[in-house]
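Following: one structure in structure tokens, then a few remarks.
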Amino acid sequence: MKLIKGGSVISPQGIQELDVLVGEEKIEALLAPDSELAKTTAENGNAEIIDASDKYVVPGGIDVHTHMELPFGGTFASDTFETGTRAAAWGGTTTIIDFAVQRTGENVRESLDSWFTKAEGNCAIDYGFHVILGGVDEQALKEMDILVDEGITSFKLFMAYPGVFYSDDGQILRAMQQASSNGALIMMHAENGIAIDVIAEQAAARGQTDPIYHGITRPPKLEGEATYRAIQLALVAGAPVYFVHLSASEALANVAEARSQGHNVFAETCPQYLYLNLEEHLGAKGFAGAGYVCSPPLRTKEETHHGDLWRGLRTNDLSIVSTDHCPFCMKEQKELGLEDFRDIPNGIGGVEHRMDLIYQGVVAGELSLERWVETCSTTPARMFGLYGQKGVIAPGADADIVVYDPKGKTKISVDTHHMNMDYSAWEGFEINGAVETVLSRGKTLIADKKYHGAKGDGKYLKRGLTQYLR
Ligand code: URP
Ligand code: ZN
Ligand code: ZN
């Protein structure tokens, strides 16, 4: 038994002074601070008391977009399920949904099985899977139905990366039709990869091979175009669509327009698109910009992207913040692209910092506390079929709880982070606030600036259908 005493419990509905009684794995009760039960529980010594005075008590973060050990560009994302989920716990994230990958020509079931093998017994926190479909064919379409019944209810398709993950419009339509009948959610990487490859080829032929050209050759219009096209395909198929890692104002405008017409169109963004930019980060001196190569790319600060994305989070046109955690070390991984930006593995690591970074939006007045919790925990749970068990502090829910100290300070650095990366894209960022205590299903993972968990604490989560359709 644990009693989290004296804190402010934050939910999308508001802020309440409540004590939280935690049982074996679940939340047992929410108690008024002066309730008899809270007093006797505190006095009789049966419960461990966690003092949350002047702190926020929030549902554990849910990061619905991670890539542990992802094979990409001739290498693998540098966090294993063990290192990546431990780092997530340090940052107040208690659930991840990672992407199992079916590559073109591979069998969906066999691909998924290999992800189960990587994760099982290694995770610090609970985890689920989406499946990336790299080849939509008859077998994959049938498999989608079976997977939905088994608790894998979302599938990512790519309009980018021809020859690797790419699906053409016909394949996208087929997968969306299948989703419309089986209730799955199609997650879309919306960039026009065919056009991008032409532009990138032309840049390289001119000798423009530095990391910044990764961004210059992937213009926002081609994210906007792909977003529009995917929405039309979804409407024709009668299926909901969820845009991952949305980065550009053009894409957001298309999502907002579809939503204003009442369509089931949803999107997430990531901290890198809210805070980092093409000029200073992707364009950093020498090869340092490689550390910021991800797709879609960081956008220019000269345009309206950053402000528009914050507004999108407020208006709910962007309903979730995920990290797209896809870490690679500079040494021997990002360095694969020393001669040509096209060979730099795409991805930024950040699973540890999402709760802190988005809390900075609260500090800066961009978001309310309630919206912080909603975008980082509650909506992720609802969108991906986990709500009730996750994403909420209520009796019966898993006791995944973060005590967050708004007066704490966190300085991000490669020297102190827990991700398996030899640099930090967030080096030097100073956070007003700090994750203090993290419980996962009632077990203390983080307290007193120490990790108390163990490999294998995290359990696999079978998910239901999205609960977000309008
Ligand atoms: O650059 C990125 N985003 N890498 C991970 C793969 C993806 O597209 O999400
Ligand atoms: Zn993607
Ligand atoms: Zn991703």
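The values are calculated or read from the model by the stated rules, or taken from the named source; none is laboratory data. Just so it is clear, the structure is predicted and the values come from calculations on it, not from any experiment. So basically every Cβ, Gly included, is an ideal-geometry build from the backbone, and we count neighbours across all protein chains shown. What goes into the accessible areas is simple: the full protein's heavy atoms, side chains included, and nothing from ligands, DNA or RNA. Shrake-Rupley method; radii C 1.70, N 1.55, O 1.52, S 1.80 Å.
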Discussion item. Can you give me the angle between helix 305-315 and the longest principal axis of the chain, using Cα atoms only, in degrees from 0 to 90, rounded to the nearest 10?
Written reply: 50 degrees
Fill in: Estimated vicinal HN-Hα couplings, Hz - the stretch 18-30 in sequence order (Karplus 6.51, -1.76, 1.60; Gly, Pro = x)
8, 8, 10, 9, 10, x, 3, 10, 10, 6, 8, 6, 10
Worksheet item: What net charge is computed for the residues neighbouring Thr41, neighbours being all others with C-beta under 12 Å from the C-beta of Thr41, Lys and Arg scored +1, Asp and Glu -1?
Response: -2
Discussion item. Whole angstrom only: what separates the Cα centroid of the stretch 409-429 from the Cα centroid of the stretch 279-299?
Written reply: 17 Å
Discussion item. Helix-only mean residue ellipticity at 222 nm, the chain, DSSP H runs n ≥ 4 weighted -39,500 (n - 2.57), per residue, nearest 500. What is it?
Written reply: -9000 deg cm²/dmol
Discussion item. Under 5 Å between amide hydrogens, which residues at least 5 positions from Gly458 or on another chain qualify, with H placed 1.01 Å from N in the peptide plane?
Written reply: Cys123, Ala124, Ile125
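Assuming R0 = 25 Å, can you tell me the calculated FRET efficiency for the pair Arg314 and Asp405, based on Cβ-Cβ distance, to the nearest 0.05? Write down the numbers at each step before the final one.
Values: r = 25 Å, r/R0 = 0.99.
Using R0 = 25 Å, I get an efficiency of 0.50.
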Worksheet entry | Relative contact order (%) - the chain, alpha-carbon pairs under 8 angstrom, separation at least six | 22 percent
Item to complete: Please give the helix 249-260 orientation as an angle from the longest Cα principal axis of the chain, in degrees from 0 to 90, rounded to the nearest 10.
Response: 70 degrees
Discussion item. Using the Karplus curve 6.51 cos²θ - 1.76 cosθ + 1.60 with θ = phi - 60°, what ³J(HN,Hα) values do you get for each residue of the stretch 433-438, in whole Hz, with x for Gly and Pro?
Written reply: x, 7, 6, 9, 10, 10
Worksheet entry | Accessible area expressed per residue, the stretch 60-383, with surrounding protein chains retained (probe 1.4 Å, Å²) | 31 Å²
Discussion item. Starting from 0.36 nm per residue, how many nanometres of slack lie between Ser413 and Leu338 once their C-alpha separation is accounted for?
Written reply: 24.6 nm
Worksheet item: Could you give the distance between the Cα centres of the stretch 326-376 and the stretch 27-42, to the whole Å?
Response: 39 Å
Fill in: Simple spin-label estimate for Met1 and Asp169 in nanometres, 7 Å along Cα-Cβ
6.4 nm
Worksheet item: ³J(HN,Hα) across the stretch 83-91 via Karplus (A = 6.51, B = -1.76, C = 1.60, θ = phi - 60°), whole Hz, x for Gly/Pro?
Response: 6, x, 6, 5, 4, 4, 4, 4, x
Discussion item. Placing one identical point scatterer on every Cα of the chain and ignoring solvent, what is log10 I(q)/I(0) from the Debye formula at q = 0.09, 0.13 Å⁻¹?
Written reply: -0.55, -1.17
Worksheet entry | Residue order for Met330, Met383 - accessible surface, 1.4 angstrom probe, largest first | Met330, Met383
Item to complete: Pop the C-beta distance of Glu303 and Gln177 into the FRET formula with R0 = 41 Å and round what comes out to the nearest 0.05.
Response: 0.70
Worksheet item: Roughly how tilted is helix 108-119, in degrees to the nearest 10 and between 0 and 90, from the longest Cα axis of the chain?
Response: 40 degrees
Practice prompt. Could you calculate the contour length gain from Glu24 to Ala253, that is, 0.36 nm times the residue separation minus the distance between their Cα atoms, to one decimal place in nm?
Written response: 77.9 nm
Worksheet item: How much of the accessible area of the stretch 60-383, probe 1.4 Å, is carbon plus sulfur, in whole percent?
Response: 50 percent
Practice prompt. Using 0.36 nm per residue of separation minus the Cα-Cα distance, give me the extension gain between Glu110 and Ile49 in nm, one decimal.
Written response: 17.4 nm
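Which sequence of Val392, Val373 reflects their accessible areas, 1.4 Å probe, from the largest down?
Accessible-area ranking of Val392, Val373, largest first: Val392, Val373.
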Worksheet item: Taking the Cα centre of each part, how many Å lie between the stretch 66-144 and the stretch 219-236?
Response: 26 Å
